[in-house]
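Below is one structure, written out as structure tokens; comments come after it.
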Amino acid sequence: PFLFGSRERRLFGVYHPALGRRKRRGAVLCQPLGREYNRSHRGCRLLAEQLASDGLDVLRFDYYGTGDSAGEGEEVTLEGCVADTVTAVGELATLAGVKDLCAIGLRIGGAIALSASAQSMEINRVVLWDPMTDGPSYMDHLLAQSMYPCPSMDHAAGFPLPAKLQGELRSIRPDNLPPGARHNFLIVSEELSQHRILLEHMQNTGQVEYSLRPNSAVWLDDAELGVGAVPVTIIEGIRDWLG
């Protein structure tokens, strides 16, 4: 665990150094927001550990205003999350001395990873893990969890949802996102119509591979354990593609 970024925008990260034979490649995890972040924490940690065991240097981090990073929840913006991802990619490149870098985005982290790839020349690969790229439907999902159901709703499931972030999320469409990096991988545990639209959009603008790997949703509570499920098939798919 360590802190990085600027004095004004201090970020918390966890570095998983490559084990065994290093592949001189790295991966930065772009995690979800709000309650989905908490539920998927175990799955993201397991993915990072498995990729490190495969010889990749991996960085998990918290966006500004989330997790253990500086800032308040009311300060979170999608634009800021993208900027934080670019910062994290540069940090891992320096820390591990790697140039072949991948951004792995889960749920709304997928849209963040795609946007970061358009701003960072260091991102050569993008993995989209069950990406949430239809802003209106995602906002409906968040509002359904709201503990404060009123017109001025600014929280979702106990997490701040400031007005600017709401506007940014609503503007996301699967066919208006950046085309991604040189190599892209869309892997889903359940196929949604937005995934098909995104896949067609990315096929028209660049190179993308697709895989359907049925698995319990890590961003939902496991009925028995009360935490996110272990994404075994997803982890296998991502390891195979990056390997």
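Being open to solvent by 40 Å² or more (accessible area, probe 1.4 Å) and either within 19 Å of Gly180 (Cα to Cα) or free of Cβ contacts under 8 Å to residues at least 60 places away in the same chain (or both) narrows it down to one of Leu78, Leu3, so name that one. If you could, list the steps in order and put the result at the bottom.
Details: Leu78 fails: open to solvent by 40 Å² or more (accessible area, probe 1.4 Å).
Only one candidate passes the filter, namely Leu3.
Among the numbered conditions (1) of a type outside the set (Gly, Ala, Ser); (2) over 24 Å from Ala217 (Cα atoms); (3) under 17 Å from the mean Cα position of the chain (by Cα); (4) open to solvent by 10 Å² or more (accessible area, probe 1.4 Å), the only one that Thr94 does not meet is (3). Scan region 175-203 for residues that are within 25 Å of Glu122 (Cβ to Cβ) and either open to solvent by 30 Å² or more (accessible area, probe 1.4 Å) or in contact (Cβ under 8 Å) with a residue 60 or more places away in the chain (or both) and the total you get is 13. Looking at region 16-56 only, could you name the residues that are touching a Ser or Thr at 6+ places or on another chain (Cβ under 7 Å) and part of a helix (DSSP H, G or I)? If the condition is that a residue be touching a Ser or Thr at 6+ places or on another chain (Cβ under 7 Å) and part of a helix (DSSP H, G or I), then Tyr37 is the only one that fits. Scanning region 147-171 for residues that are farther than 18 Å from Tyr64 by Cβ, open to solvent by 90 Å² or more (accessible area, probe 1.4 Å) and at pLDDT 85 or above turns up just one, Arg170.
Hey, any hits in region 210-223 for a residue that's closer than 20 Å to Asn124 by Cβ, open to solvent by less than 80 Å² (accessible area, probe 1.4 Å) and modelled with pLDDT of 95 or more?
Restricting attention to region 210-223, the residues satisfying the condition of being closer than 20 Å to Asn124 by Cβ are 210-211.
Keeping just the survivors that are open to solvent by less than 80 Å² (accessible area, probe 1.4 Å) gives 210-211.
Cutting the leftovers down to modelled with pLDDT of 95 or more gives us 210-211.
Yes: one or more hits.
Checked against the criterion of being part of a helix (DSSP H, G or I), under 23 Å from Val218 (Cβ atoms) and open to solvent by less than 10 Å² (accessible area, probe 1.4 Å), region 114-128 has at least one qualifying residue. Filtering region 42-63 to residues that are open to solvent by less than 30 Å² (accessible area, probe 1.4 Å) and either of a type in the set (Phe, Trp, Tyr) or closer than 12 Å to Leu29 by Cα (or both) leaves Gly43, Cys44, Leu47, Ala48, Leu51, Asp57, Val58, Leu59, Arg60, Phe61, Asp62, Tyr63.
For region 1-22, how many residues are touching a strand residue (DSSP E or B) at 6+ places or on another chain (Cβ under 8 Å) and either at pLDDT below 95 or among the β-branched types (Val, Ile, Thr) (or both)? Walk me through it before giving the result.
Just the residues of region 1-22 that are touching a strand residue (DSSP E or B) at 6+ places or on another chain (Cβ under 8 Å), to begin with: 1-5, 10-18, 22.
Now drop any that are not either at pLDDT below 95 or among the β-branched types (Val, Ile, Thr) (or both), which leaves 14, 22.
Number of matching residues: 2.
The values are calculated or read from the model by the stated rules, or taken from the named source; none is laboratory data. No experiment lies behind these values; they were computed from the predicted model shown. Using ideal geometry, Cβ is built from the backbone for each residue, glycine included, and neighbour counts are taken over all protein chains shown. What goes into the accessible areas is simple: the full protein's heavy atoms, side chains included, and nothing from ligands, DNA or RNA. Shrake-Rupley method; radii C 1.70, N 1.55, O 1.52, S 1.80 Å.
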